[in-house]
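Peer 1: First the structure, which I've put down as structure tokens, then a few questions once you've had a look.
The values are calculated or read from the model by the stated rules, or taken from the named source; none is laboratory data. Note that the structure is predicted; figures quoted are calculated from it, not measured. A quick note on method: Cβ atoms are made from the backbone with ideal geometry, for glycine too, and the neighbour counts reach across all protein chains shown. Remember, those area values only see protein heavy atoms, side chains included, never the ligands or the DNA or RNA. Shrake-Rupley method; radii C 1.70, N 1.55, O 1.52, S 1.80 Å.
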Amino acid sequence: VSLGLCIWTIGSVWRVIATTRMYLRTKQLLSDMGTQSEALSHYIGKPVYICQRVSSPMVVGYLRAVILMPTSIIEQLDLAQIQAILQHENAHIQRKDNWFALFQECIAIVFWWSPVMRLLNKYIHVEREIACDLRAASQLSNTKQYAQSLVDCAKLMVHQQQSVLAMGLFSKKKELTK
């Protein structure tokens, strides 16, 4: 029993350290967000910052969530594609996905050892992204354009030799296809 408790404690502490490092990186991003795009913020109704330090579009923050957009996406995609991506990110804010992800992480700290929990977390992540895709697509007049925006964003990241998995819109090719 003591050995099991010791192993569980080490695993939980390791997970807390990993989560804390992720939190500190996010806090650092918030302190150096870049410039706010008034036009994009007006379109989406939420603060949108153009940031060189991020490799993919993302939502950060809990009480005052903001959207961070990579400079490369702003420079290389057209406005309609950017708006489609913003709709997806705004869906995360509307659904309060950051709060749910925090709750998920707290559960994962306790049950770090469970393969079922890892699979469930992965499944929830994919379903969360699909739910945001559906919400974003339903708010746009051209759903094909939304799908093309996802593909173009992925191509841009591959061209820049960045991890497409970091994009957050999908974690594997099969999720992109779905």
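Peer 1: Right, residue 17: assigned to a helix (DSSP H, G or I) and touching a Ser or Thr at 6+ places or on another chain (Cβ under 7 Å) or not?
Peer 2: Judged against the criteria, residue 17 is not a match.
Peer 1: A follow-up question, please. List pairs: first in the range 128-152 and over 17 Å from residue 44 (Cβ atoms), second at pLDDT 85 or above, Cβ under 7 Å, 6+ apart or cross-chain?
Peer 2: 128/97; 131/95; 143/137; 152/77; 152/81
Peer 1: Restricted to the range 101-158, and to residues that are among the polar types (S, T, N, Q) and over 30 Å from residue 17 (Cβ atoms), which residue is surrounded by the fewest Cβ atoms within 10 Å (Cβ to Cβ)?
Peer 2: 141
Peer 1: Taking the range 67-95 on its own, how many of its residues are within 17 Å of residue 30 (Cβ to Cβ) and crowded, with 21+ Cβ neighbours inside 10 Å?
Peer 2: The total comes to 6.
Peer 1: Report yes if residue 37 is open to solvent by less than 60 Å² (accessible area, probe 1.4 Å) and either of a type in the set (Ser, Thr, Tyr) or at pLDDT 95 or above (or both), otherwise no.
Peer 2: Considered against the rule, which asks whether it is open to solvent by less than 60 Å² (accessible area, probe 1.4 Å) and either of a type in the set (Ser, Thr, Tyr) or at pLDDT 95 or above (or both), residue 37 comes out as yes.
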